[in-house]
Amino acid sequence: MKRILFPLLFGLLLACGLAHADQDANQPNLAPTPWSALSPDQQRVLAPLQATWDDLPAFKQQRLLRGAQRWSTLSPEQRAKVQDRVQRWNTLTPEQRAKMRERFERFQQLPPEQQQKIRQAFKRFGSLPPAERQRLRQQFETMSPQERQAFLLGATAQNRAGQMHEFFQSIAQPERKPTREMLQSMPQEQRRAFLQTWRALPAEQRDDYRRRILGLTPDQRAAELSRPSP
C-alpha cells in the first residue's frame, strides 16, 4: 500500500502545493469516507487506491481527496510534472524514500512563514534548465551537513536580495533614497511586517501604502506595523 500511497502523497500534495494544508491528523474524530461515497471524478483520480481505500485512516483519505481536487484543476503541463515526480519516486531506493518521508514530516512541522520560503525556493529551482537542476542536486547530495546549512543560508540571503531589488525597482528614482533610509531605521520586525504587507497588496496600491508609511513618525510607524495583518 505504501508503494502506491506515498507517490500519490508526494505527487498530488507536494507537487500541487498542498503539503501545508494537512491538519486532519490532529482530528481523531474525523469520520472515514467510504469509496462508494466518492464522486466519479475522485474515483478516477484515486483509482490506484480503490482496493485499500476503505482501510486508510480518515486523515489520509482527506489529504488524498484534497490532492484529487487540486489535480482536477491542473493544466496538461502541470499534470505532466506531477507524473514525472511520481515516476522519479518509483526509481528511488527504500533509503531514499525514507529520507524524503522524513523531510516531508519536518516540513509540516515548520512555521507557515518558513514553509512559504521553501515553496518559493522550489518554484525558483523548478524554473531552472534540467541540466542545472541536476547539477545542483548532485552538488547538494555531496555536501556535509555544515555545507548544506551554509548553502541554504546563502540561498535565503540571495532570495532576500532579489526581493529588495524588486522592491526598489518599483519605486521612482527620487523616492528611493528616503525609502531606503526609512527601512534602515526600522527594527527587523517592523521592516519584515512592512515588506510582507507591501507584497500582499495589489500592484496599484503598493505605492500609496509605501508613501503613507513613509509619511509617519517613527512612533506612528511602529504602532502601524505592530498591528496584525488583515
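Structural remarks
- Residue-wise HN-Hα couplings along region 40-47, as the Karplus relation 6.51 cos²θ - 1.76 cosθ + 1.60 with θ = phi - 60° gives them from phi, are x, 5, 5, 5, 5, 5, 9, 3 Hz; Gly and Pro carry x.
- Using R0 = 41 Å, the C-beta based FRET efficiency linking L128 and A223 works out to 0.45.
- Neighbour-count order for I213, I118, fewest beta carbons within 10 angstrom listed first: I118, I213
- Here the simple spin-label model places points 7 Å from the Cα toward Cβ, and for Q114 and A51 these points are separated by 4.0 nm.
- Footprinting exposure proxy for L64, L38 (fewest neighbouring C-beta atoms within 10 Å first): L38, L64
- Rounded to whole Hz, the Karplus (6.51, -1.76, 1.60) HN-Hα couplings of region 170-175, x for glycine and proline: 7, 9, 4, 3, x, 9
- Distance from region 166-211 to region 111-125 (C-alpha centre basis), Å: 22 Å
- Relative to the current alpha-carbon distance between L136 and K177, full extension at 0.36 nm per residue lengthens the span by 11.1 nm.
- Only aspartates and glutamates eight or more places from K81 in sequence, or on another chain, were considered; those with a Cα closer than 19 Å are E132.
- This ranking places W53, W35 by how few other beta-carbon atoms lie within 10 Å of each, fewest first, which gives W35, W53.
- Counting only residues at least eight positions apart within a chain, or on another chain, the lysines with an alpha carbon under 29 Å from that of K177 are K117.
The numbers here are math on the coordinates, done by the rules we state, and not lab data. It should be emphasised that the depicted structure is a prediction, and the values quoted were computed from it without experimental measurement. As a convention, Cβ positions derive from the backbone with ideal geometry for all residues, glycine included, and neighbour counts pool all protein chains shown.
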